[in-house]
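Notes follow the structure.
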Amino acid sequence: MRVGVVGLGMGLHLARWCRRVGIEVGMVCDRDPARLSAALARIPGAAGTDDWRALLDAGLDGVVLANDFDAHAPLAVAFLERGVAVLSETAACVDEEEGRRLIAAAEASSASYSFAENYPLMPGTRLLRQAVDAGELGRLQLVEADYLHGLSPEALAELTGDPDHWRGRIAPTAYCTHTLSPILALTGAWPVEVSAFPVDEGEATTAVVLVVRLSSGALAVSRFCFLQGEPEGHWSAVTLRGTHAMAESVRAPGERAWSVRIRREAWATAEGTAAHEEERVPPRLLLDGAEVEREREATVLLLQGWRETVERGRPPLVPVRQAVAASLVGVAGARSLREGSRPVPVPDVSPGAGTSG
């Protein structure tokens, strides 16, 4: 499998891990000459270009799109129309029209679209998925997901202060997929309605809470981006409350941050006499016989899954409709934020809903 990479910030990180899992990186692209030169020095054998269109006819099996956060869909559509598989990092679309156009292109293409969303694959989230699939929690009622960075005021200003950077263009709600994708994966539901709340109305909005009604009837709460109390588990934490039990990421330092806590009250246990509580530790992931760092496990699984999709036709880990649904929560949330946090419907892009609005 031979791929190209567009955008060499996060793209360089993904390119290096592609090589680790056995995916050849044949071409890389970035408009910044210094970034392109640095990437070529770290990816021997790859060709470089500053124009992504050069990758369209380069005989690639797939392309990793890690360009600007709000500029993925047009490139994804172009590559899908040429029969090149797409792994698209961050937001899938900036509005409903673009999202539906992306769905139509993906479903008409001979190639596949995969969303490069690795948070459903984090060690603790995989354990939570096992508990859900085994029916241990009963029907899910409330799901909470955090993606938080505890930055200093100086670091935050440096990160978000450039008006020409994509961070200066996107809505505060846009960066929601690291919470919404685990929520949708764990519940198997679709977003129906969202209300968005600024965390601090006295300051520029740097953190948002989304309250999302799901198609299953459950409620989801999503908290992101810049708040103190950054979770040790790669900035991510998830809590599930079901009709029979609850399960959550362990908020602890070190190795325990990757584990989950499951609690059943006395009435829900076989004995019925005392509550049962336990911590579960995820097994280590091996790559070429060596243990993968915990925070990199999800990236390895993501890229291995993409390779299985492109080479063997396995279903994408996060296919196009789920990617667009998660991204449209941010779009609808931006409208809610502008309109005083009122509930706003999320466009229905579930299977059977079609691709037209």
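Nothing in this text is a laboratory measurement; each read-out follows from the coordinates by a stated rule. Fair warning: this is a prediction, and the values are worked out from it, not measured in the lab. Glycine gets a Cβ as well: all are built from the backbone with ideal geometry, and neighbour counts include every protein chain shown.
Summary of computed values
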| read-out | value |
| --- | --- |
| 3J(HN,Hα) from dihedral phi, the range 281-298, Karplus parametrisation 6.51/-1.76/1.60, rounded to Hz, x for glycine, proline | 9, x, x, 6, 8, 10, 9, 6, x, 10, 5, 8, 4, 3, 6, 9, 4, 5 |
| For the chain, share of DSSP beta bridges that run antiparallel, in % to the nearest 5 | 60 |
| Residues with amide H under 5 Å from that of residue 141, placed H, sequence gap 5 or more | 241, 242, 243 |
| Where the Cα pairs of the chain fall when distances are cut into 20 Å bins, in % | 29, 60, 11, 0 |
| Listed residues 219, 240, 287, most fluctuating in the chain (Gaussian network, C-alpha, under 10 Å) | 287 |
| Cα→Cβ-extended label distance, 7 Å offset, between residue 47 and residue 107, nm | 3.5 |
| GNM top mover of 39, 207, 270 - the chain, alpha-carbon springs below 10 Å | 270 |
| Neighbourhood net charge (9 Å Cβ-Cβ; Lys/Arg +1, Asp/Glu -1) for residue 231 | -2 |
| Rounded, prolate or oblate (a/c below 1.5 giving rounded, otherwise prolate when a/b exceeds b/c) for the range 79-196 by Cα gyration tensor | oblate |
| Ellipticity estimate at 222 nm from DSSP helix runs (n ≥ 4, -39,500 (n - 2.57)) divided over the chain, nearest 500 | -9500 deg cm²/dmol |
| Computed over the range 250-343: relative contact order in percent, which uses C-alpha pairs under 8 Å that are six or more apart | 13 |
| Cut-off under 5 Å, modelled amide H: who pairs with residue 209 long-range | 197, 199 |
| Bridge type composition, the range 192-294 - antiparallel percent by DSSP, nearest 5 | 100 |
| GNM flexibility winner over the chain from 331, 86, 344 (Cα, springs under 10 Å) | 344 |
| Potential extension, residue 201-residue 350 segment - 0.36 nm per residue separation minus Cα distance | 50.3 nm |
| The chain: relative contact order in percent, alpha carbon pairs under 8 Å with at least 6 residues between | 20 |
